Amino acid sequence: MSPRGRAAIVGVAESDLGEVGPGLTPLDLIGQATFRALDDAGLEKEDVDGLFSASAYYHMPTLSMGEYLGIRPRYSDATSMGGSSFVSHLFHAAVAIDAGLCEVALIAYGSTQRSSGGRLVSGSETLPYEAPYRPRYPVSMYALAASRHMYEYGTTREQLAEVAVAAREWAKLNPKAFVRDDLSVEDVLDSRMISSPLSVLDCCLVTDGGGAVLVTSSERARDLRKPPVYLLGAGEAHWHRNISQMPDLTVSAAAESGPQAYRMAKLGPEAVNVALLYDAFTINTVLFLEDLGFCEKGEGGAFVSGGRISPGGELAVNTNGGGLSYNHPGMYGLLLLVEAARQVRGECGERQVAGANVALVHGNGGVLSSQVSAVLGSEETL
Amino acid sequence: MRRRFFRCSGESYRTVGAWSFRGGYEEGKGEIAVASEDAPAGAPAEVYGRYLEGGRLGFQRCRDCSSMVFYPRVLCPVCGSVDLEWGTSGGRGVVYATTAVHSRDGEPYNVALVDLEEGIRMMSRVEGIPAEEVEVGRRVRFEVREEDDGPVAVFVPMAEPEEPEESEEPAR
Ligand SMILES: [Zn+2]
């Protein structure tokens, strides 16, 4: 039986974001977010019987989280596929709930990456066949993909910069965005080169932060505080772990996860009102718009140009400001879910997309490795 | 037939078609055992390392489905066969993707993905020209560099336009 519409997001929250200061631990942020999400849903901690998490800090994250929160789950899933994990957790939670394995699932994440030194805590091992060449993980891997996309399709640095500018325009409408200053294409081009063709403003922020998402059955969801945000479809795919093993650096496994999610949701990209695409780097947005069917392969650079994904543009993309300008606490996938649910509920204030009934969430993990897509919808999409 | 296996350039070693093979996997030995008398034996990573120590770029080919396999492993990721044989690359490749890694201290250095003529792709770096000048599509040739942790496969630009073909005959 298809999981379409069988489970719904009923509570979402961010922890403190940006720079939380010394002392707070990632688990403290999970605690904050969990408390706020329960309040958002009108649920009690005692209602939670399924735990989902991934972490670069905790080797057994659902155990650490269960202990800290005082929750003894009957179902636990620590699927670890980098930043995409949390979109995957939503999918897994919906299926587990539908199968009766748990009733209220808590997906949570926290990171103090910025306060604890600003270095990316990646927890990533290095392939011995790549290590001698000292690529900077993970930016060099995305830079390689960008170089290939530029070679094959004539994509330019200016077009990549347009992605960062659009994200910033959205961030200006989001009081919680970490960076809200003016940004121009020239600013991006002139910023410090990190791993060519990607400069520092082509890269996501390094912030603290976390979040929590509560999921339950559609039946139970209707009795709770906020309008349910239904999971209509989901798909996950991965074809490689290391960049040297990626079959074609211009095509991600989103080309498989996206269609899978659309099929389950019984709709296509033309029905999507808001797209939240994991923008760890500017090239991501270009690749995912192509792979998820918003434009043809190779046309992503043109698609993002001229303000077409900015506020008031043709497609609302990364309305929170994205990993580029809102927050990117090591892994960003959970915050995609938070924004998507709020858009579908119509809670986004200045940046609210009118009539946002269908949101596409797309998570990326590793080095363009894991791709997980989910389609969320309001009551009227069922 | 006696072949010369270890030459320092990694190039123009006796080739069969574009690549050369020898050795193989012996069932029941629990490790890669290369049949040829002077072929390296051992775990996949060790065999690769020993080829590199000999100045050559080793990789595997599946005897069942003919897929080229890199990085080295104990089974073919295409068909699942454990019948892999080792070969060495002629060393000619093309830059598939490239980046110059910048740091606050020191010159930018290149990181590239190189497609070898034999059909394998590997991460490496292109030396001999500034990191930012390495371009996708550039023809490059394998060389070995000795580094603190052992020998490393790198590439240098081949003369453009196309070089005359090297002799197929091994030095003997
Ligand atoms: Zn095979």
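No value in this document is a laboratory result; all are computed from the given coordinates. What you see is a predicted model, and the numbers here were worked out from it, not measured in a lab. Every residue, glycine among them, receives a Cβ derived from its backbone with ideal geometry; neighbour counts consider all protein chains shown.
A few remarks follow.
- For region B:92-157, alpha-carbon Rg over 2.2 N^0.38 Å: 1.07
- Rounded Å value of the spacing that divides the Cα centres of region A:12-60 and region B:100-124: 40 Å
- Based on Cα atoms of the protein assembly as shown, Rg over Rh with Rh as the Kirkwood radius reads 1.02.
- Amide H to amide H distances under 5 Å link B:LEU57 with B:SER89, where only residues 5 or more positions off or on other chains count and H is placed in the peptide plane.
- Cα coordinate range in region A:6-75, projected on the principal axes (Å, largest first): 39, 25, 21
- FRET efficiency for A:VAL95 and B:VAL78, using Cβ-Cβ distance with R0 set to 35 Å, rounded to 0.05: 0.70
- Note on A:VAL200/A:ALA271: beta-carbon distance plugged into 1/(1 + (r/R0)^6) with R0 of 35 Å gives a FRET efficiency of 0.45.
- For peptide A:194-206, the mean count of partner chain Cβ atoms within 10 Å of a residue's Cβ comes to 2.
- Inter-site label distance for A:ALA131 and A:GLU347 at 7 Å from Cα along Cβ, in nm: 4.5 nm
- Mean residue ellipticity (222 nm) of chain A, computed from DSSP H runs ≥ 4 via -39,500 (n - 2.57), nearest 500: -9500 deg cm²/dmol
- 27 Å Cα-Cα threshold exceeded, pairs from A:LYS266/A:LYS297; A:LYS172/A:LYS297; A:LYS226/A:LYS297: A:LYS172/A:LYS297; A:LYS226/A:LYS297
- Per-residue extension of 0.36 nm, minus the Cα-Cα distance of A:GLU299 and A:ALA354, leaves a gain of 17.2 nm for this segment.
- Database remark: amide H of B:VAL69 closer than 5 angstrom to the amide H of B:GLN60, B:ARG61, B:CYS62 (H placed geometrically; neighbours at sequence offset of 5 or more, or on other chains; Pro and chain starts carry no H).
- Taking amide H atoms as placed 1.01 Å from N in the peptide plane, the amide H of A:VAL358 lies under 5 Å from those of A:ASN273, A:VAL274, each 5 or more residues away in sequence or on another chain.
- The string of couplings for region A:92-98 from the Karplus curve (6.51, -1.76, 1.60, θ = phi - 60°) is 4, 5, 4, 5, 5, 5, 4 Hz, one whole number per residue in order, with x for Gly and Pro.
- Backbone HN-Hα couplings from phi across region A:18-26 [Karplus 6.51/-1.76/1.60, Hz, Gly and Pro as x]: x, 10, 8, x, x, x, 5, 9, x
- Inter-chain neighbour count for A:239-249: the average number of beta-carbon atoms from partner chains within 10 Å of each residue's beta-carbon is 3.
- Counting only other chain Cβ atoms within 10 Å of each residue's Cβ, the peptide B:101-111 averages 4.
- Rounded to the nearest 0.05, the FRET efficiency derived from the C-beta distance between B:GLU46 and A:ARG192 at R0 = 41 Å is 0.50.
- When region A:65-213 is reduced to its Cα atoms, the Kirkwood hydrodynamic radius in Å: 18.6 Å
- A full extension of the chain between B:GLU132 and B:ARG145 corresponds to an added length of 2.6 nm, given 0.36 nm per residue minus the alpha carbon distance.
- Rounded to whole numbers, the Karplus 3J(HN,Hα) couplings from phi for region A:130-136 are 10, 3, x, 8, 6, x, 7 Hz, using 6.51 cos²θ - 1.76 cosθ + 1.60 with θ = phi - 60°, and x at Gly and Pro.
- Estimated D of region A:125-238 in µm² per second, where Rh is the Kirkwood radius over Cα pairs and Stokes-Einstein applies at 25 °C, 0.890 mPa s: 138 µm²/s
- Label positions at A:GLU219 and B:ASP115, each projected 7 Å from the Cα along the C-beta direction, are separated by 5.5 nm.
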